[in-house]
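**Q** Mind looking over this structure? Questions follow.
The numbers here are math on the coordinates, done by the rules we state, and not lab data. Bear in mind the structure is a predicted one, so any value in this text is a computation, not a measurement. So basically every Cβ, Gly included, is an ideal-geometry build from the backbone, and we count neighbours across all protein chains shown.
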Amino acid sequence: MKVLVVNDDGIEAPGLWAVVRELQKVAEVAVVAPKQEQSGRGSSITLSQPIKVNKVEPGLNGVEAYSIEGTPSDCVIVGIRSLLSGGVDLVVSGINRGSNIGHDVFVSGTVGAALQGYLCGVSSLAISVYAYEDLNFAAAAKLATLLTARIKNGDLPKEILLNINLPNLPREKILGIEITELSKQSYCDLVEKDECCEEACYRIRRNNKDKDAHYANPGTDIWALRLGRASITPLLNSSNAQALKIHLQSLVPEIFSELRNF
């Protein structure tokens, strides 16, 4: 099984390499990631200019790695369509610094990259941690790997798109895994005027955690995170969406036991 790992925090981001190291236990891993941070790029692609690609030395045996001067979606498209021989079986996007929940997924470069994998006919996972400082990536890396193993073994269907968020906790302190729906949380409900500019200038601000409670309806992604649980949200509703949720729920007890088991 060959896994393409991408992110929107840039190729040097520690979350990316945390998941690469864990995924190597179950799959062949290749990295195609932006040269610099590309947060908030959504699913945008570069059409107006050439995309520069550089092969890089990852410092991990057996990992093929490329740095791209483009968006996360560019990385997936160029990686699948050109760089990686033999095809790709799974795209893992992350581990992102900061959650990607609710309506935020529509502007997230992390989720946008996973979406491009899905549109290329490849199962895709977007994975994020609900924090910006003192991040603990171990649980997220482990959960991504456990899901990868299920896809590899045929326990999960092909061509799925899952958005995964975890609280910033050690594995042993995560209290469960929930199969969730998107909340209505959004980056875009706070706009402030920037007084430093001579002309009229404004900044779109992220929500802070105090505001998240407003969107924490039971069964949603933010609800799960606030309870100290991981959230797995199937994206792009289809005729078999409910069947997928039921199937994922049936796997949760076993996956959670393995997540907590050292």
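**Q** Once Lys and Arg get +1 and Asp and Glu get -1 on their Cβ, which of Ala138, Pro157, Ser128 lies farthest toward the positive end of the dipole of segment 111-179?
**A** Farthest along the dipole direction, towards plus: Pro157.
**Q** In debye to the nearest 20, how big a dipole does the chain give about its Cα centre with +1 on each Lys and Arg Cβ and -1 on each Asp and Glu Cβ?
**A** 620 debye
**Q** Using a 7 Å offset from Cα along Cα-Cβ at Lys152, what residues in segment 10-54 end up with backbone N under 12 Å from the label point?
**A** Within reach of a label on Lys152, which here means backbone N under 12 Å from a point 7 Å along Cα→Cβ, segment 10-54 contributes 22-29.
**Q** Let me ask you something else. Kirkwood hydrodynamic radius of segment 37-165 from all distinct Cα pairs, in Å?
**A** 15.3 Å
**Q** Quick one: Karplus J couplings for segment 76-86, per residue in order, coefficients 6.51, -1.76, 1.60, θ = phi - 60°, nearest Hz, x for Gly and Pro?
**A** Karplus-based 3J(HN,Hα) across segment 76-86 equals 5, 5, 5, x, 6, 7, 9, 6, 9, 6, x Hz.
**Q** Go through segment 47-59 residue by residue and turn each phi into a ³J(HN,Hα) via Karplus (6.51, -1.76, 1.60, θ = phi - 60°); whole Hz please, and just put x for glycine and proline.
**A** 10, 9, 7, x, 10, 7, 10, 10, 7, 10, 8, x, x
**Q** Given the rule -39500 (n - 2.57) for each run of at least 4 DSSP H residues, summed and divided by the residues of the chain, what is its mean residue ellipticity at 222 nm, to the nearest 500 deg cm²/dmol?
**A** About -8500 deg cm²/dmol.
**Q** Shifting gears a bit: Skipping prolines and chain starts, which residues have an amide H placed within reach, meaning under 5 Å, of the one on Ala65, given they are 5 or more residues away or on another chain?
**A** Here Val31, Val56 satisfy the definition.
**Q** Follow-up question, since we're still on this one. Among 47-59, 106-118, 66-78, 23-35, what's the highest-first ranking by average C-beta atoms within 10 angstrom per residue?
**A** 106-118, 66-78, 23-35, 47-59
**Q** What does DSSP give for the chain in terms of the percent of beta bridges that are antiparallel, rounded to the nearest 5?
**A** Counting only bridges with both partners in the chain, antiparallel ones make up about 25 percent.
**Q** Starting from the amide H of Tyr130, placed 1.01 Å from N in the peptide plane, find each other amide H under 5 Å away whose residue is 5 or more places distant or on another chain.
**A** Amide H neighbours of Tyr130: Leu166, Asn168.
**Q** Using label points projected 7 Å from each Cα along Cα→Cβ, tell me how many nm separate Cys196 and Asn61, to one decimal.
**A** Placing both labels 7 Å along Cα→Cβ, they lie 4.8 nm apart.
**Q** Let me ask something else. Below 21 Å Cα-Cα, how many Lys pairs turn up in the chain? Only count pairs eight or more apart in sequence, or on different chains, if you could.
**A** Value for the chain: 21.
**Q** What list of ³J(HN,Hα) couplings, whole Hz, do you get for segment 92-103 from phi and the Karplus terms 6.51, -1.76, 1.60, once you set θ to phi - 60° and write x for glycine and proline?
**A** Result, ordered by residue: 10, 10, x, 7, 7, 7, x, 6, 10, 9, x, 5 Hz.
**Q** Let me ask you something else. Taking Cα pairs under 8 Å and at least six residues apart, what relative contact order does the chain come out at, in percent?
**A** Worked out over the chain, it gives 18 percent.
**Q** Could you list which residues have their amide H under 5 Å from that of Val92, counting only those 5 or more apart in sequence or on another chain, with H placed in the peptide plane?
**A** Counting only residues 5 or more places away or on other chains, the set is Leu4, Val5, Val6, Leu125.
**Q** Which whole-number percent gives the relative contact order of segment 82-176, counting Cα pairs below 8 Å spaced six or more residues apart?
**A** Across segment 82-176, relative contact order equals 32 percent.
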